[in-house]
Structures are given as structure tokens and as C-alpha cells.
Amino acid sequence: MVAHDTGNPGSTAASNVSYYEHSRNEMEASAHIFVDDKEIIECIPFLTATPEKAWHVRYNPPIDNQLYGCDANDAAGGVELCYGGSIDLPEAYKRYIWVLAYSCYKYGLDPAQHITGHYKLDPQQKVDPINAFNLLGKAFNEFVEDIINEYNNCLVADITPAMALDAGYANTIIQTWMVPAWGHADLKRLDAETIGDLDASTAWKQQADYIHLLANELRKASGQPEE
């Protein structure tokens, strides 16, 4: 992933996309995604459809090949941060971080290794996204850390709801089916003990204990203490 800023203070995501749409037959320049404080707009397919090439890094500098073994235009996503003018830059930056983190997630990239800046790939001509980062007081390594944190936080948020069980549902299952089943097994255990059938008594105790274990697993999954 290549991090850019527009280099055009005050221009919005929508205005940049409009510009590149109108100039697409006149120049080889574009980016996949533009981000401001209100919108994240995909200019060239990247996240919502099969990715297409966006002309966001010059071919002549060899640094992308030296670092990653490929041309950035052919293999990397380009995301542009809008800044300046009436744009709320901290808000735009939050969206920028999120879309880069999500891009890494979608394409199986390690944000610690696979995020670079345009200025690193073309140091003779480009300074982005440092234009915007200077206004934020952000160093590039801090920016990468922000992406890593967002990536990890989103993974936790993605996993946790799938593992959570509503306590009301858990208790309904326990009270409606498991408590009666446990009571039946325990009664059978007592009957077997009364007649001296130790094998049957042991088997029914194991059944009751297993039902108790399952009930406690439901309690744990729904955030409740074991009983």
C-alpha cells in the first residue's frame, strides 16, 4: 500500500475524483481511493471490485522494485489523504488510517511491512504524504503504528461479536433443557444407588456432571459466572 496526500490543500475527495475522471483520457495519473473528513471515495476499483491499475507512482524510480520486487502501479493500492482549507484533518486522518488498515486486512498484508509513502518511492520529486503529516505533527513511523493499532483493534472487534452469546438466550437454554436433563440424570443416579447398582450410578453421575459442564460453558460464553 502506498500512502499519498493530494498536495492540493483544500481539495476534497469528491473534487479530486471528479478531476481524475474528467482527465482520464488526457493523462496517466490517478489513485485508487481519496479520503477527506466526510467521505472515502473509490476512484479506481480496489476494495469494492477486482482491482485495476491506478497510475499513482512513476515507473522510472527503481526503489519500489528494490524494496518489494514489483512496480507500485502494477501491484500496490494508492490512497490519497485530503487536507487543508475547511477539511477537518484529524477526522480525515482517522478515515485514512481505517481504509489503509482495512486494505491490509482484505489483501492479507502486514501493515508493519507493507505500508510505504510516495516520498520513499520517488524521493527526488515527491514529498507526500508528509505535507499532511506535518500539519498533524505526525512522523511516518507514528502513522504506521496508527495503522497497526487500527488493524489490531478491528480484528478484535470482528472476532468478539461472533464469540459472544446473549445471556438471556444462554439462560433460556440452561433452564428449559439442561436443568431438567440434569435433574433426570441425578434422579436416575439416586435410584441406582438405592438398589446398589454402582455401575449405573457412576454412569448417571457422569451424565449429570457433563450436563453441568455444558451449562457452565454457556454461562462463560455469555459473560456469566460459573455455578
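The values are calculated or read from the model by the stated rules, or taken from the named source; none is laboratory data. Quick caveat, the model's predicted, so the values are computed rather than measured. Glycine gets a Cβ as well: all are built from the backbone with ideal geometry, and neighbour counts include every protein chain shown. Surface accessibility is based on the protein's heavy atoms, side chains included, excluding ligands, DNA and RNA. Shrake-Rupley method; radii C 1.70, N 1.55, O 1.52, S 1.80 Å.
Of all residues in the range 120-152, those being more than 18 Å from D36 (Cα to Cα) and open to solvent by less than 60 Å² (accessible area, probe 1.4 Å) number 7.
G183 fulfils the conditions (1) touching a residue at least 12 places away in the same chain (Cβ under 8 Å); (2) open to solvent by less than 60 Å² (accessible area, probe 1.4 Å); (3) not aliphatic (A, V, I, L, M) except for a single criterion, (1). For the range 5-46, the set of residues classified as within 21 Å of A72 (Cα to Cα), of a type in the set (A, V, I, L, M), open to solvent by 30 Å² or more (accessible area, probe 1.4 Å) and touching a strand residue (DSSP E or B) at 6+ places or on another chain (Cβ under 7 Å) consists of I41 only. Scanning the range 186-221 for residues that are of a type in the set (A, V, I, L, M), open to solvent by less than 60 Å² (accessible area, probe 1.4 Å) and closer than 30 Å to A164 by Cβ yields A208, I211, A215, L218, A221.
Being of a type in the set (G, A, S) and touching a residue at least 24 places away in the same chain (Cβ under 8 Å) narrows it down to one of S15, S23, S11, so name that one. Break it down stepwise before answering.
Working: S15 fails: touching a residue at least 24 places away in the same chain (Cβ under 8 Å); S23 fails: touching a residue at least 24 places away in the same chain (Cβ under 8 Å).
The conditions single out S11.
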